[in-house]
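Novice: The following block contains the structure, expressed as structure tokens.
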Amino acid sequence: MSQLSRAPLALSLLLAAGAASGHVEGGHVGDGGLLTGLYHPISGLDHMVAMIAVGLWGAQLGAPAIWLLPVAFPLVMALGGLAGAMGLPLPGVETGIAASGLVLGLAVALALRPPLWVALLLVAAFAILHGHAHGTELPAYGVPILYAAGFVIATGLLHLSGILIGLTHRWPWGSGLVRTGGAVVLAVGAYYLLRALGLM
Amino acid sequence: MSRRTPAALVTAVAAPVAAAQVTAAHPLGLAEGMAQVILRPEHLGVILALGLLAALRGPDAAMRMQVATPIGLAVGAFGGAVALGVAGAEVAGLGVTVLLGLLAALALRLPLVLYPLLALVAGVVHGHAAALGQGGALFAVGLAAGGALGFGLIAWPGLELRAEWQRIALRVLGSWIAAIHLIALGLTLRGA
């Protein structure tokens, strides 16, 4: 099977995973270990769309962004997670997370191509916010290292799904698909931002 | 992927089965020591990180680390077995793994002499943490053997991954290992 024909299968599996998570939303998942950690990034639509948007944008920007972002993001997110886990306050986390969806969605929808350092700085800032949220929301029970493994892996897989979709931008139909995806992310981000600001 | 890789994978799967058959005939410490690398995620993480480092640096580094890793584990485990309790062994272990994961993510070409030193230090720290308060000499031997096997199963097949996207995947794994252990470090310090 060629690499291209494998991509739709991978995409379908990843999307199915998201649908499956809808059945458990609102309740505890797992015992504070790997499963709980895997579930956390996909438990919130604001987290999910931002992670996918990082992959989409990286694919649009091409090398080296396409691999720099998934290498750097988990590390910077972990720093934010460390801060959150240790109770260090960070103002405006929820607003910032919502803004990340809006900004990243806009970048993908408009196929913005800033200098690499600007893209990295932006993604790093959002990674700190997302990580901080994961760190403060971790359960008081369970196995910390397995929880950490779960949500880092889930985050990485969301990036990968974004990259796989984003790679289709090389074709005319794919370019439209990716930018439409960016628009969807932007809409979700805007919704959550308005909610965070108390306007909805 | 070479023909060695499937054989290595079969060996890895067969190892736990073999360990179950060993416990009846040998002291419990040996099998428990070997199983640490599989059963304890923090020790699995350091072996993965060492293997990734070796795979990214090349066969010369891999050979040196293949020798240094079990030596470090054995030395550390012997120290832990005689209860030379060093405060913060768990924290040190997590910190070492963060560093190794970070080095793998950056794929820096360090001087060759540093690689076995890193493996030795990581082995001592993790061997000590694994054996502290439990296990004896056979546990230490088992831990060293398990670590050597685990390292080999990661490093040598990893050396065969030469395509650019494969090398990047190894670096991504390194960043994941660093990230996971960084968070775990924070949770441990918090007392979670």
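The values are calculated or read from the model by the stated rules, or taken from the named source; none is laboratory data. Predicted model only: the values in this text are computed from it and were never measured. Virtual Cβ from ideal backbone geometry, glycine too; neighbours counted across all protein chains shown. For accessibility, only protein heavy atoms count, side chains too; no ligands or nucleic acids. Shrake-Rupley method; radii C 1.70, N 1.55, O 1.52, S 1.80 Å.
Novice: Compute the Cα gyration tensor for segment B:42-82, then decide on rounded, prolate or oblate, letting a ≥ b ≥ c be the square roots of its eigenvalues: rounded whenever a/c is under 1.5, prolate when a/b is larger than b/c in the other cases, and oblate in all that remain.
Specialist: Verdict is oblate for segment B:42-82.
Novice: Quick one: which bits of segment A:66-88 get at least 20 Å² less accessible when the partner protein chains are in, versus the chain alone, with a 1.4 Å probe?
Specialist: Residues shielded by partner chains are A:W67, A:P70, A:V71, A:P74, A:L75, A:A78, A:L82, A:A85, A:M86.
Novice: Between B:L189 and B:L39, 0.36 nm times their residue separation minus their Cα-Cα distance comes to what? Before the final figure, lay out each step's value.
Specialist: Details: separation 150, 0.36 × 150 = 54.00 nm, distance 2.23 nm.
Extra length available between B:L189 and B:L39 comes to 51.8 nm.
Novice: Using only alpha carbon positions, build the gyration tensor of segment B:94-192, then give the equivalent ellipsoid semi-axes as the square roots of 5 times its eigenvalues, largest first, whole angstrom. Write down the numbers at each step before the final one.
Specialist: Details: eigenvalues 126, 74, 30 Å².
Equivalent ellipsoid semi-axes, largest first: 25, 19, 12 Å.
Novice: Let me ask something else. Work out the FRET efficiency for A:L197 and B:A169 from their Cβ-Cβ distance, taking R0 = 45 Å, and round it to the nearest 0.05.
Specialist: On the way: r = 40 Å, r/R0 = 0.88.
For A:L197 and B:A169, the calculated efficiency is 0.70.
Novice: Take the Cβ-Cβ distance between B:Q134 and B:R162 as r, set R0 to 25 Å, and report the resulting FRET efficiency rounded to the nearest 0.05.
Specialist: On the way: r = 41 Å, r/R0 = 1.66.
So the FRET efficiency works out to roughly 0.05.
Novice: List residues of segment B:161-189, by number, whose backbone nitrogen lies under 15 Å from a label position 7 Å along Cα→C-beta of A:R170.
Specialist: Within reach of a label on A:R170: B:164-166.
Novice: Then there's this: Roughly how far apart, in whole Å, are the Cα centres of segment B:94-125 and segment A:184-200?
Specialist: 43 Å
Novice: How long, wide and thick is segment A:49-200, going by the Cα atoms along their three principal axes, in whole angstroms, largest first?
Specialist: Its Cα atoms span 49, 35, 26 Å along the three principal axes.
Novice: In segment B:51-192, what percent of the accessible surface is made up of carbon and sulfur (1.4 Å probe, ligands and nucleic acids excluded)?
Specialist: On segment B:51-192, the fraction of accessible area on carbon and sulfur atoms equals 73 percent.
Novice: If you take the square roots of the eigenvalues of the alpha-carbon gyration tensor of segment A:41-138 and sort them as a ≥ b ≥ c, do you get rounded (a/c under 1.5), prolate (a/b over b/c) or oblate? Walk me through the numbers on the way to the answer.
Specialist: Numbers: a/c = 2.05, a/b = 1.65, b/c = 1.24.
Note, shape of segment A:41-138 comes out prolate.
Novice: Compute the signed sum of charges (Lys and Arg +1, Asp and Glu -1) over the other residues within less than 15 Å, Cβ to Cβ, of A:H169. Please report the intermediate quantities before stating the final value.
Specialist: Values: positive: A:R113, A:R170, A:R179; negative: none.
Residues near A:H169 contribute +3 overall.
Novice: Would you kindly give the portion of the calculated P(r) for segment A:140-182 that falls above 14 Å, as a percent of all Cα pairs?
Specialist: On the way: 532 of 903 pairs.
Of the Cα pairs, 59 percent sit more than 14 Å apart.
Novice: A further question on this structure: Report, to two decimal places, the Cα Rg of segment A:160-200 normalised by 2.2 N^0.38 Å (N = number of residues). Show your work: numbers first, answer last.
Specialist: On the way: Rg = 13.4 Å, N = 41, 2.2 N^0.38 = 9.0 Å.
Rg over 2.2 N^0.38 Å, computed on Cα atoms: 1.48.
Novice: Mean shadow of segment B:37-153, computed from the convex hull of its alpha carbons, in nm²?
Specialist: On the way: hull surface 24.4 nm².
That works out to 6.1 nm².
Novice: Under a 1.4 Å probe, what is the accessible area of segment B:51-166 per residue, stated in Å²?
Specialist: Ligands and nucleic acids excluded, the figure is 41 Å² per residue.
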